[in-house]
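Accompanying notes for the structure given below.
Where a number appears in this text, it was derived from the coordinates with a stated rule and is not lab data. Computed from a predicted structure; not experimentally measured. In this analysis, Cβ positions are derived from the backbone assuming ideal geometry, glycine residues included, and neighbour counts consider all displayed protein chains.
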Amino acid sequence: MYLKPLENYRAMHRQSGMTTLGVAILVAFVGLFAFAALRLTPVYLNYMKVASVVSGVYEEFDGAGPSRAAIRSSISRRFDIESVAEINAKDVAVTAVDGGFEVAAAYSHKADFIANVSFVVDFDKRVIIRK
């Protein structure tokens, strides 16, 4: 009879939480995801620059009757201003389509992760500029 209150006391105050090993595993996973985010952030920021250039060319020339040379010149100038390094202006395809030009910036970027593990990200931004 005297031990009964002690059993209830122990049951109500059981310790709970993570072990040291559990915390170490959690920190490792969070660290891997954070490192992956750090490696991929510049890749996506560069893509945003490329997409901005292609969209800017669209806004500048859509419906204005541009020539292929004018579009290429604008892309080259904008790449220089934005300091785009992963893709060259000559790698952007400017092809004639019905009623205008299609401007396509399609490229892959390989970002190193850990040792021989890498991320490969494919980007494709296309617009059609009407004459």
Seminar exercise, completed: Note: ARG39 to ARG126 extended length (0.36 nm per residue) minus current alpha-carbon separation gives 28.8 nm
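Just round it to a whole percent: the fraction of Cα-Cα distances in the chain exceeding 26 Å.
On the way: 4243 of 8515 pairs.
So the portion of pairs separated by more than 26 Å is 50 percent.
Please work out the FRET efficiency for the pair ALA85 and THR20, using the Cβ-Cβ distance as r and a Förster radius of 35 Å; give the result to the nearest 0.05. All intermediate terms of the calculation are to be shown ahead of the outcome.
On the way: r = 44 Å, r/R0 = 1.26.
Efficiency, from the Cβ-Cβ distance: 0.20.
Determine the relative contact order of the chain: mean sequence separation of Cα pairs under 8 Å and six or more apart, normalised by residue count, in whole percent. Numbers along the way, then the final one.
Details: 130 pairs, mean separation 31.3, N = 131.
Computed over the chain, the figure is 24 percent.
Summing Lys, Arg as +1 and Asp, Glu as -1, what charge do residues with Cβ under 13 Å from the Cβ of ALA85 carry, ALA85 excluded? Could you put the intermediate results ahead of the total?
Numbers: positive: LYS49; negative: ASP80, GLU82, GLU86, ASP91.
For residues surrounding ALA85, the net value is -3.
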For this session: Using 0.36 nm per residue of separation minus the Cα-Cα distance, give me the extension gain between SER55 and ALA104 in nm, one decimal.
Result: 16.6 nm
Exercise. Separation between the ALA111 and ASP62 pseudo-spin-labels, each 7 Å from Cα along Cα→Cβ, expressed in nm?
Worked result: 2.9
Problem set entry | Alpha-carbon centroid distance for the pair region 63-92 / region 108-131, whole angstrom | 18
